[in-house]
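Quick notes on the structure that follows.
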Amino acid sequence: MDLGRPIHLFRGARNRSEASNGTAAERLPNGIDRVHYLESTNNVVIVGTDLADDVSLLDIIDHILNAGVVIRGSLVISLAGVDLVYLGLDVILTSVETAIRYLQLQPPSSGSPLRKSIQRQSE
Amino acid sequence: MPVLAYCITEARSELAIPAAGVGSMPVKAVVAGPLQCFVSRFESGSMEGKATIRESALEFHRTVQELFRQAAVVPFRFPTILADENEISAFLAKHSSEYESALLRLRDAVQMEIRIEEREAASPPAASGTEYLRHRLTSHKSMEETALGFRHASEEWVREWRQREAPSGLRCYALLMREHLEPFLTSMKEVRVSPGQTARVTGPWPATEFLKVNK
């Protein structure tokens with residue numbers, strides 16, 4: 001598929017001076033240039049989606065957890081879908097068994113709907 | 001065998017499939033009619049632990065981006081795990097016309113996101129509820145004006161514009177042709193944002209905010 005003419009690259013935070021004049025460029029093997037990072041002056045920050053740039057890490061995580069198709073029902077681990085990732089970000093529930101094991105480690109006072117739901121499943 | 005779903009593309013695209021996805025699992029295409037979905041095998045327990053989740057999320061992003069650089073994609077939200085490939089095929093068959101038309105419409109297009117927020121220091125604690133609401137209203141109007149500034153500055157390059165309120169401020173989405181990314185970014189630099197606000201422009205992303213046609 002023809003993706004049109006290349007995109008100019010602005011390098012990462014380590015090379016802001018290069019970014020400010022837009023002279024840096026990196027061509028990918030498939031012929032498309034990457035947008036990395038550019039900071040301008042008027043309180044506007046421009047961030048690319050390349051992983052080489054630490055600044056964009058939060059944007060990437062935020063995006064993949066919040067954007068995209070959600071299939072409702074029929075998921076193997078969709079006890080609460082993405083919400084589980086937000087539950088603590090210290091465990092992802094990859095199976096009902098794992099979920100139960102994890103929640104059993106939590107203080108008994110915690111009576112969230114999710115916990116109740118999983119407890120019902122385990123009974 | 002459970003599979004992790006990455007994204008949907010048009011089946012006719014001759015794409016270079018990423019060699020490995022999350023957990024170094026091979027990525028494969030499940031083709032169903034005019035669409036294909038990229039998946040990799042998912043092993044229960046393979047994503048436990050904070051560091052592993054983060055790494056898996058980034059591997060997911062890398063895989064989707066690799067495909068997105070070659071074609072329009074409809075990504076799945078991370079993590080979407082299905083029982084097996086049959087479920088993916090059934091999902092594609094059910095939503096075939098919806099995603100086929102979206103991918104056709106969004107071919108060669110990318111989405112840029114502009115997040116406008118108020119600086120924390122710019123919002124002193126309110127003495128009363130009324131004062132708080134007044135401040136919110138003023139702040140909202142100001143962010144709307146900033147969004148309008150971005151919209152006007154880039155209107156030459158933007159095919160479609162959408163925006164919505166978020167808890168932290170205002171999120172704007174611009175749909176543009178991939179080839180217009182550079183002039184679009186240049187136009188973003190020309191916008192002046194008030195000292196009490198910040199604007200964060202990110203992308204290019206798959207055009208997830210434009211999958212549905214505005215009526």
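The values are calculated or read from the model by the stated rules, or taken from the named source; none is laboratory data. Everything numeric here is computed off the predicted structure, so don't read it as measured data. In this analysis, Cβ positions are derived from the backbone assuming ideal geometry, glycine residues included, and neighbour counts consider all displayed protein chains. Quick note on the areas: whole protein, heavy atoms, side chains included, nothing else; ligands and nucleic acids left out. Shrake-Rupley method; radii C 1.70, N 1.55, O 1.52, S 1.80 Å.
So the values come out like this:
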item: Residue check, B:R200 at the interface with chain A (Cβ under 8 Å from one of its Cβ atoms), touching a strand residue (DSSP E or B) at 6+ places or on another chain (Cβ under 7 Å) and open to solvent by 50 Å² or more (accessible area, probe 1.4 Å); result: yes
item: Selection status of B:M47, within 11 Å of chain A (Cβ to nearest Cβ), buried (at least 21 other Cβ atoms within 10 Å of the Cβ) and at pLDDT below 90; result: yes
item: Residue, surrounded by the fewest Cβ atoms within 10 Å (Cβ to Cβ), within region B:6-34, restricted to residues that are within 12 Å of chain A (Cβ to nearest Cβ) and farther than 19 Å from B:E59 by Cα; result: B:E14
item: Where B:E182 falls short, out of the listed (1) in contact (Cβ under 8 Å) with a residue 12 or more places away in the chain; (2) surrounded by 13 or more Cβ atoms within 10 Å (Cβ to Cβ); (3) not assigned by TED's automatic domain parsing to the domain that holds B:V73; result: (1)
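Every residue, every condition in (1) within 13 Å of chain A (Cβ to nearest Cβ); (2) touching a helix residue (DSSP H, G or I) at 6+ places or on another chain (Cβ under 9 Å), yes or no:
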{"position": "B:A109", "(1), (2)": "yes, yes"}
{"position": "B:G129", "(1), (2)": "no, no"}
{"position": "B:S142", "(1), (2)": "yes, no"}
{"position": "B:S154", "(1), (2)": "yes, yes"}
{"position": "B:L170", "(1), (2)": "no, yes"}
{"position": "B:Y173", "(1), (2)": "yes, yes"}
